[in-house]
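Notes follow the structure.
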C-alpha cells in the first residue's frame, strides 16, 4: 500500500495511470469529491461526466503497518489461528478500510435540469449507486446562449445539494486485505448521505468558460458489519462469530474546485477535505476499537454539457 501511494504521488507515468485504471473497475466507495458549482443544470439541459480521484484516509493508514500485513499473511496460511492482539489489529484494519478506504475512486454521472433552480442526477461508482439533487439559492438561471438577468463574469451563485449512496461494502483487492478477509470472513453494507453547500463565481456569463467553487459539506454514514471466522480460537474454544452490528457517524468538511472550458466541455480539478470520528466498534472475543481521522479526496473530472435544443 505504501509503495502504491508513493508511486502515485512521486512519479506519475503511463504505467501508474494504467494500474489505477484497473483499480477503478473494482472501486466501490461512495464518491465524495464535490465537482458541482453553485449554478444547477438549467431546465431541460443534460450534463454528462466522469470523475476519477483518490481517497486518502488517515485511519486505515494508521491501522495498517508492516506488522499487521505480516500477521495477515501468516494467519491466512494457518489452519488454526490463536486469538491475540494481532487478531484485534486485523479487525481494526478491516473496519478502517470499510469505513474510509485508501484507494482510487471513479464515477460516471448524468444530471438533468428539472425546473429552474432544481436539477437531479445519478452516479454509478462501480458498485455504489448514488442519487442526488441540487437546489440553487442564488444567481440567475440562464444559459451561455441565453444569459439570465444580471449574468456576467464574476456573478456569484449558491446552492445546496442532497446526495444518497448505497452499497454492499467490501475490502479493496489488495493482497494483505484479501488475507485479512480470508481469516475474518468480514461482511458489511453501508449507506451515505452527503449535504454540500456550494458557492461559486462565474468565469464569463452563466459559466461560459467555467467557475471557481468552494463550500462546506456535512455527511452521515450508516454501517452494518460482522465477522464470521471459522478458524480463530481462544485456547481450545472456537471464537464465536460477531453478528451484524449497526453503527453510524458524521463527517464534516470543505472543498474547492475549478471548472475550466468553453460552453460544451469542461475539465474540473477538485479537492475535498473531511474529518470524522467514526466512534467505537465491537470486535470478536469481546474486544472493541475506536477510530477517527482525516480524509483528503483529490479528483479530476470531465463534463459534457448538452444544451436544450428546443429553446
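The values are calculated or read from the model by the stated rules, or taken from the named source; none is laboratory data. What you see is a predicted model; the values in this text were computed from it and never measured. Because the Cβ atoms are built from the backbone with ideal geometry, glycine has one as well, and the counts that use them run over all protein chains shown.
Things worth noting here:
- Residue check, residue 227 within 13 Å of residue 95 (Cα to Cα) and either exposed (fewer than 15 other Cβ atoms within 10 Å of the Cβ) or touching a residue at least 60 places away in the same chain (Cβ under 8 Å) (or both): yes
- Scanning region 272-285 for residues that are part of a strand (DSSP E or B), in contact (Cβ under 8 Å) with a residue 40 or more places away in the chain and either surrounded by 20 or more Cβ atoms within 10 Å (Cβ to Cβ) or under 15 Å from the mean Cα position of the chain (by Cα) (or both) yields 272, 274, 276, 278, 281.
- Among (1) surrounded by 15 or more Cβ atoms within 10 Å (Cβ to Cβ); (2) not in a strand (DSSP E or B) - the single one residue 310 does not satisfy: (1)
- Subset of region 107-120 [crowded, with 22+ Cβ neighbours inside 10 Å and within 18 Å of the chain's Cα centre (by Cα)]: 107
- Positions within region 233-271 being in contact (Cβ under 8 Å) with a residue 60 or more places away in the chain, under 30 Å from residue 52 (Cα atoms) and not in a strand (DSSP E or B), in sequence order: 263
- Residue within region 149-162 that is part of a loop (DSSP other than H, G, I, E, B), out of contact with any strand residue (DSSP E or B) (no Cβ under 9 Å at 6 or more places or on another chain) and surrounded by fewer than 16 Cβ atoms within 10 Å (Cβ to Cβ) present: yes
- Counted residues, region 167-201 - those being modelled with pLDDT of 90 or more, out of contact with any helix residue (DSSP H, G or I) (no Cβ under 8 Å at 6 or more places or on another chain) and within 23 Å of residue 246 (Cβ to Cβ): 8
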